1. Going residue by residue through segment 38-54, is there one that turns out to be part of a loop (DSSP other than H, G, I, E, B), surrounded by 15 or more Cβ atoms within 10 Å (Cβ to Cβ) and at pLDDT 95 or above?
2. So, in segment 44-69, how many residues would count as being acidic (Asp, Glu) and over 17 Å from Ala21 (Cβ atoms)?
3. So which pairs qualify, if the first residue must be in segment 20-48 and within 13 Å of Pro64 (Cα to Cα), the second must be basic (Lys, Arg) and loosely packed, with under 13 Cβ neighbours inside 10 Å, the Cβ gap must be under 9 Å, and the two must be at least 6 apart or on different chains?
4. Of the residues that make up segment 19-30, is at least one at pLDDT 95 or above, in contact with a helix residue (DSSP H, G or I) (Cβ under 6 Å, 6 or more places away or on another chain) and either open to solvent by 70 Å² or more (accessible area, probe 1.4 Å) or in a helix (DSSP H, G or I) (or both)?
5. Please count how many residues of segment 55-69 are assigned to a helix (DSSP H, G or I) and within 17 Å of Asp8 (Cβ to Cβ).
6. Go through segment 55-69 residue by residue and tally those that are out of contact with any Lys or Arg (no Cβ under 8 Å at 6 or more places or on another chain) and open to solvent by 50 Å² or more (accessible area, probe 1.4 Å).
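The values are calculated or read from the model by the stated rules, or taken from the named source; none is laboratory data. None of these values were measured; they are calculated from a predicted model. Here the Cβ positions follow ideal geometry from the backbone for every residue, glycine too, while neighbour counts run over all protein chains shown. SASA here: full protein model, heavy atoms, side chains in, ligands and nucleic acids out. Shrake-Rupley method; radii C 1.70, N 1.55, O 1.52, S 1.80 Å.
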Amino acid sequence: MEEGEVFDSSLLRDTVNAQIANGKRNFAIDLSLQDYIYSDTINVLMGLDKRVLDVSGRLALLSPQPEAV
């Protein structure tokens, strides 16, 4: 992401769901560049975690910034 760019949680949701449809089950999402996480993104992450668990997969959140969580 570029500086000032807003994280697109709907794009993340659509991308992960498409990957699940293609047979992928395990995902790692790098949050190291996120200095703030909006509530809609938290909701998407929670929904994705449930979706991934439903297909016996794992969702990992990498390097979340303390001030963003």
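1. no
2. Filtering segment 44-69 down to residues acidic (Asp, Glu) leaves 49, 54, 67.
This time we only want the ones that are over 17 Å from Ala21 (Cβ atoms), so: 49, 67.
So the answer is 2.
3. These pairs meet every condition: Ala28/Arg58.
4. No, every residue in segment 19-30 fails to be at pLDDT 95 or above, in contact with a helix residue (DSSP H, G or I) (Cβ under 6 Å, 6 or more places away or on another chain) and either open to solvent by 70 Å² or more (accessible area, probe 1.4 Å) or in a helix (DSSP H, G or I) (or both).
5. From segment 55-69, those assigned to a helix (DSSP H, G or I) are 66-68; that's our starting set.
Right, trim to within 17 Å of Asp8 (Cβ to Cβ) and you get 68.
The total comes to 1.
6. Filtering segment 55-69 down to residues out of contact with any Lys or Arg (no Cβ under 8 Å at 6 or more places or on another chain) leaves 59-69.
If we keep only those that are open to solvent by 50 Å² or more (accessible area, probe 1.4 Å) as well, we get 61-67, 69.
Adding up the residues that qualify gives 8.
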